[in-house]
Structure formats: structure tokens, C-alpha cells
Amino acid sequence: MQQITSLQNPLVKYLFTLTQKSKQRKEQQQFLIEGKREISLALEAGYLIEQLFICPDILSVAEVEKLFSGYKCTAISTQVYEKLTYRSSTEGILALAQCKNHALSGVEFQKAHPLVLVAEAPEKPGNIGALLRTADAAGIDAVYIANPKTDLYNPNIIRSSVGTVFTVPIFMGSSEEIRSHLQQQGFSIYCAALTASQPYDEVSYKGRTAIVVGTEDTGLSPTWLKASTQNIIIPMQGKIDSMNVSVSAAILIFEAVRQRKG
């Protein structure tokens, strides 16, 4: 097995740029994955793993061969491992993977009445990760990210999503593109908004349903508000009129899931 111990190694330098620069990830269509669970989820979702990097001081070669046999594997020193990892404590393994295509042309639904989430212009990786965890937990059919401001393969999104960035079908495009796509597919569009709204639990989500959320600061753009089948609102009992987008999305999505079980 090849071993790398120097931080000046050209491959180490390249891998480090993948962890730091969205432009590099997009140009090379490659990114790094940390951790056994995350790598396993990526493989189950059909991601192509090009190479594994293990730190023998943390994870044994025998365990790697048991979990991920058949992949090119390179041993790296603890110093190199710590240079490349985003988390302070992981499991001693990294994978170099190929990005997937998230274009709208790849959308295929297996259900007659899918339930999807649209998040417009989410920027904070932590919020995106939380939205994806909710989507995975609820078993919804897709997440659309409209006007994306953050690279989907940002290490913090992978970390905060606990690998659900790989388990949920994700598609990207402009708000106009996604709005048009959903309307052509016969979706009812329910926008989380403060004006002209009905309480979220008084609306039926049993058909082809898209729940659309914006940022806490700016809300949704006119593109969505004009296309809305019905604006929905979560009644507030306190002094504020908004919640974190991932919390709001979870409430709305699980209400839709509850209704569909009836």
C-alpha cells in the first residue's frame, strides 16, 4: 500500500484545495468524504469512489478491507489526516469521490403523488444540512435547491447533514426553472409566507405537493409568491414572527407526511 507522510506531497495539496475551494470542486467534479458512515451512504447512493485514504494510527487496514474491499487505498500519516479532515474527531478514513449531476433533467418520481421540498437561496451549510436530515427522516421524494448560494459538497454540509446529502434526491436550478418544472409536473405549490396565508395544518397536502421555504431574513421571492397555490403559516405564540428555516420546514413536512398516512 502506498504511504504519504509529507504535507508537501502534490496529492495532499490537491486534496486540501478540494476541502477549501468550491471552485476547485466544481471544476474537477471531485470532493472528499470523511467517515465510515458517510462513505457507506455515498456508495449506497451510487457515488463513484475513486480512492480511499486511511490513517493507520486511527483505523486498521484490516477493518478498511472488511468494510470497503476492492478500492484503491493509500495510507496517510496523522499529520496529513488532520490537515485534510474537517471534523476534529473522525474515524481515520477519507474518500475521494466524484460529484453527481443535480440538473432538473434527472428528476424521476416513482410515486403518483410525490412530496418535495423547495429551499430558495439557502446559504448557511448548517441549515442546508439540517434541511436534508429532515428530508431523509420524513422520506420525502426530493429536495430542490433554488438559486443555490453554497456548494452542495461543502465539507460542512456533508458533516451537518450526517451523510443525508447522499441519501436524498437533490436537484438544483434557478427559482424560475424549478417553478416552471413543478408547474409542468402538476404540483400544488405551498409557500411558507406571512401574507395571505392559511394555518399550515388547515391545508391538504395529499396530492403532488411542493412545500417552499425561504430564508429567515428575506423570505421568498416574488417568483414563488406569484406561483403559490396557497401560502401557509405556522402560528406563533410568542413575540417573534419567524423561526429557523430548518425548524419551519420540519414542521411543515411532517404535517404533510401525517396527512398522507390518513
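Let's see how each residue does on (1) β-branched (Val, Ile, Thr); (2) in a loop (DSSP other than H, G, I, E, B); (3) open to solvent by 10 Å² or more (accessible area, probe 1.4 Å); (4) on the phi > 0 side of the Ramachandran plot:
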| residue | (1), (2), (3), (4) |
| --- | --- |
| Thr74 | yes, no, no, no |
| Leu94 | no, no, no, no |
| His113 | no, yes, yes, no |
| Pro122 | no, yes, yes, no |
| Ile128 | yes, no, no, no |
| Ile140 | yes, yes, yes, no |
Can you tell me which of Tyr86, Tyr81 is touching a Pro at 6+ places or on another chain (Cβ under 6 Å) and among the hydroxyl-bearing types (Ser, Thr, Tyr)? Tyr86
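Just for the range 142-158: of the residues that are open to solvent by 30 Å² or more (accessible area, probe 1.4 Å) and in contact with a Ser or Thr (Cβ under 9 Å, 6 or more places away or on another chain), which one is farthest from Arg208 (Cα to Cα)?
Going through the qualifying residues, I end up with Asn154.
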Scanning the range 9-50 residue by residue, those within 11 Å of Ile158 (Cβ to Cβ), in contact with a helix residue (DSSP H, G or I) (Cβ under 8 Å, 6 or more places away or on another chain) and among the hydrophobic types (A, V, I, L, M, F, W, C) turn out to be Phe31, Leu32, Ile33
Hey, does the range 46-56 have a residue that's more than 17 Å from Leu18 (Cβ to Cβ), open to solvent by 20 Å² or more (accessible area, probe 1.4 Å), outside any loop (DSSP other than H, G, I, E, B) and of a type in the set (Val, Ile, Thr)? no
Among what's in the range 13-42 and is assigned to a helix (DSSP H, G or I) and touching a Lys or Arg at 6+ places or on another chain (Cβ under 7 Å), pick the residue that is surrounded by the most Cβ atoms within 10 Å (Cβ to Cβ). Leu18
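The values are calculated or read from the model by the stated rules, or taken from the named source; none is laboratory data. Owing to the predicted nature of the structure, the values given are computational and were not obtained by experimental measurement. FYI the Cβ positions are ideal-geometry reconstructions off the backbone, even for glycines, and counts take in every protein chain you see. To get the accessible areas, we keep the full protein, side chains included, count just its heavy atoms, and leave off ligands, DNA and RNA. Shrake-Rupley method; radii C 1.70, N 1.55, O 1.52, S 1.80 Å.
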